[in-house]
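The values are calculated or read from the model by the stated rules, or taken from the named source; none is laboratory data. These numbers were taken from a predicted model, which means no experiment stands behind them. All Cβ positions, glycine included, derive from the backbone under ideal geometry; neighbour counts span all protein chains shown. Just the protein is used for accessible areas: all its heavy atoms, side chains included, with ligands, DNA and RNA removed. Shrake-Rupley method; radii C 1.70, N 1.55, O 1.52, S 1.80 Å.
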Amino acid sequence: MNTTAKTANLAQTNIATIALVFLMGATMVFAAGFAQSATMHESAHDVRHAAGFPCH
Amino acid sequence: MLKKLVAGAVFAGFAAGLIVVLLQFAFVRPLLLEAEQYEAGTLSHFARVGGEEVHDHGSENTAKPANDHVTNDHAHPSQGFELRRDGLTVLFSIFVYAGFGMILMAGFATAESFGHRITPRIGLLWGLAGFAAFHLMPSFGLPIEVPGSAAADLNDRQIWWFGTAVATVVAAWLIGYGTNPMHYGLAVLALAAPHILGAPHPGEYYGPTPPELASLYASRALVTAMIGWSVLGLLAGNFWEKDHAE
């Protein structure tokens, strides 16, 4: 039972970690590619155009 | 685990982002700057005489109006390195690819939790799938935009782009790790759905940028992204394998 609990616990940690890393990555891509604030748009302008993110 | 995933993503993202930005400066940026001159009206696509467009290419040997098509002094607009603008492009390129790297590493970890082994070669395939999801398949509906091209409402395009990327990721997983015909059928459905639905397009075409320039720009931007994702997948896969061999 102890082993099962440990495994379950480990799996939960893994899922949480994976989700966290995924969310960090998605947030970075969103900020650089999608955020519509004027500053972000201007700063990331050339990257957006080159990556094919919808721009303007 | 968190540290290792993030370290691998940043390492691979840094290298991929740097390669992408170098390719961009060499092959994409000059076209972008030229297109911006059309967007701003500094250059114009057709010779205009008294406000009327002249389409007659047969008369090109005759004297040209002063504001005619690209001449030598306009062909290569300010190509010097602009510290602020290009510095930000370097930073954001690395930043975006580090972000892609984190999504990729999270994908590796998910795959491994399902019992699938990740090697550098598999990583390369993941990279190509990422390229398909984030660049190639969205560009099937929304072409890579050069400055000065007409396009539909930004929100609509962003929503369609996002939906297509997610659907393609799902399809790539089903194709890569599917085990029965139904998985493949679902994959085809996920791949096709956004395109059957259709991307938002402008009602009319009024972009001032020449189509020759726009299509070359789009092709180069796509190939650059493909190289970037290939490097990203290969390096992330390599990092992952080494990390798990220890």
Next item on the list: Looking at (1) surrounded by fewer than 15 Cβ atoms within 10 Å (Cβ to Cβ); (2) in contact with a Leu (Cβ under 7 Å, 6 or more places away or on another chain); (3) among the polar types (S, T, N, Q), find the lone condition where B:Thr168 falls short.
Entry: (1)
Check: within 25 Å of B:Ala26 (Cβ to Cβ), surrounded by fewer than 24 Cβ atoms within 10 Å (Cβ to Cβ) and more than 18 Å from the chain's Cα centre (by Cα): does that describe B:Arg121?
Finding: no
Notebook entry, point to check: For the range B:149-185, what are the residues that are of a type in the set (A, V, I, L, M) and either under 15 Å from B:Ala199 (Cα atoms) or not in a helix (DSSP H, G or I) (or both)?
Noted result: B:Ala150, B:Ala151, B:Ala152, B:Leu154, B:Ile159, B:Ala165, B:Val166, B:Ala167
Next item on the list: For the range B:178-185, state whether one or more residues are open to solvent by 50 Å² or more (accessible area, probe 1.4 Å) and under 30 Å from B:Ala35 (Cα atoms).
Entry: no
Item checked: Subset tally (residues that are acidic (Asp, Glu) and within 17 Å of A:Asn14 (Cβ to Cβ)) for the range B:103-161 -> 1
Check: over 14 Å from A:Ala51 (Cβ atoms) and in contact (Cβ under 8 Å) with a residue 60 or more places away in the chain - does that describe any residue in the range B:179-197?
Finding: no
Check: Just for helices (runs of 4 or more DSSP H) wholly inside the range B:1-102: which have at least 1 residues that are at pLDDT 85 or above?
Finding: B:2-23, B:29-40
Notebook entry, point to check: In the range B:216-239, is there at least one residue being part of a loop (DSSP other than H, G, I, E, B) and either in contact (Cβ under 8 Å) with a residue 60 or more places away in the chain or surrounded by fewer than 18 Cβ atoms within 10 Å (Cβ to Cβ) (or both)?
Noted result: no
Item checked: Which numbered condition B:Ala111 misses (of (1) in a helix (DSSP H, G or I); (2) closer than 30 Å to B:Leu32 by Cα) -> (2)
Checklist line | Residue list for the range A:15-37, filter: open to solvent by 80 Å² or more (accessible area, probe 1.4 Å) and more than 12 Å from the chain's Cα centre (by Cα) | finding: A:Ile15, A:Gln36
Notebook entry, point to check: Quick one: what pairs do we get from the range A:13-29, first residue on the phi < 0 side of the Ramachandran plot, second open to solvent by 80 Å² or more (accessible area, probe 1.4 Å), C-beta under 6 Å, 6+ apart or different chains?
Noted result: A:Thr17/B:Met1
Note to self: Given the options B:Ser149, B:Ser113, name the one that is open to solvent by 50 Å² or more (accessible area, probe 1.4 Å), more than 30 Å from B:Pro210 (Cα to Cα) and not hydrophobic (A, V, I, L, M, F, W, C).
What the structure shows: B:Ser113
